[in-house]
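Since the structure comes first, as structure tokens, the remarks are kept for the end.
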Amino acid sequence: MLLAIDTSTGTSVAVVDHDAGVIAEVGTSDTMRHAEVVGELIREALESAHVPPARLSGVAAGMGPGPFTGLRVGIAAAHAFALGIRKPFVPVVSHDAVAFTWYRDGGSGPMQVVTDARRREFAVSDYDGIDADGLPIRVHGPVLVPRDEVPERTGTRLDATLVSAGGIGMIAEYAFAGGRLPLTGDAPLYLRAPDVTPSAGKKVLR
């Protein structure tokens, strides 16, 4: 059983189990208040699922793509929670969760996931079905493109405004069952450098 968190778009938190599926999921599409709501949403998800933290086997987090400020809130919260319960941290590509949910709900064939990266840019990933372990097959991306230059693909285009933490958690569960962890690295997929960078500092003359 996993706690799952994603803040690549809005904020979504879920409790999932490989056999039972998504037990509880709460969230908001607000893209500006990740830090204010993530703690409360974690509490609500655990209470709704009637699952104490000690029963969790790990914490999964959406690693993006997503804007720097919002994305790091969910990843930091997931890392902290995993450390607090002394259980593994499981990174998952956020777009994979969107594709997983779409295929699970009956979608088939090629599809494209598009999320707003702000500054008139989109983050784009392309998929073509699911594999033997039930995981979406990503054939391209994620990449950052101008809004009016999203490459055309055959199949379905899905503009996602909220990435489901339930999808994040279920991908982690399926990957564990298939011996596929880790699915991605522990580095966030910002796709763009942060607005603020460390100063080079001033040279001290002696």
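Nothing in this text is a laboratory measurement; each read-out follows from the coordinates by a stated rule. Bear in mind the structure is a predicted one, so any value in this text is a computation, not a measurement. Cβ: placed from backbone, ideal geometry, glycine included. Neighbour counts: every protein chain shown.
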Requested in this report: Run the numbers on region 98-196 and let me know its relative contact order in percent, using alpha-carbon pairs under 8 Å that are six or more apart.
Outcome: 27 percent
Query - Inter-label distance, nm, simple model (7 Å from Cα along the C-beta direction), H140/E121 - result: 1.8 nm
Query raised in the report: What residues qualify as long-range amide H neighbours of I130, i.e. H under 5 Å apart, gap of 5 or more or another chain, H built at 1.01 Å from N?
Result: I137
Query raised in the report: Comparing I23, I171, I42, which has the greatest mean-square fluctuation in the GNM of the chain with Cα pairs linked when under 10 Å apart?
Result: I23
Query raised in the report: When Lys and Arg each count +1 and Asp and Glu each count -1, what net charge do the other residues less than 12 Å away from P53, Cβ to Cβ, add up to?
Result: +3
Query raised in the report: Which helices pass in the chain if a helix is a full DSSP H run, must span at least 24 angstrom along its long axis by Cα, and must have mean Kyte-Doolittle hydropathy not below 1.0?
Result: 68-85
Report summary line: Which residues qualify? For M63, with a placed amide H closer than 5 Å and at least 5 residues away or on another chain, they are V92, V93, S94
Query raised in the report: How far apart, in nm, are two points set 7 Å out from the Cα along the Cα-to-Cβ line at A187 and at S108?
Result: 3.9 nm
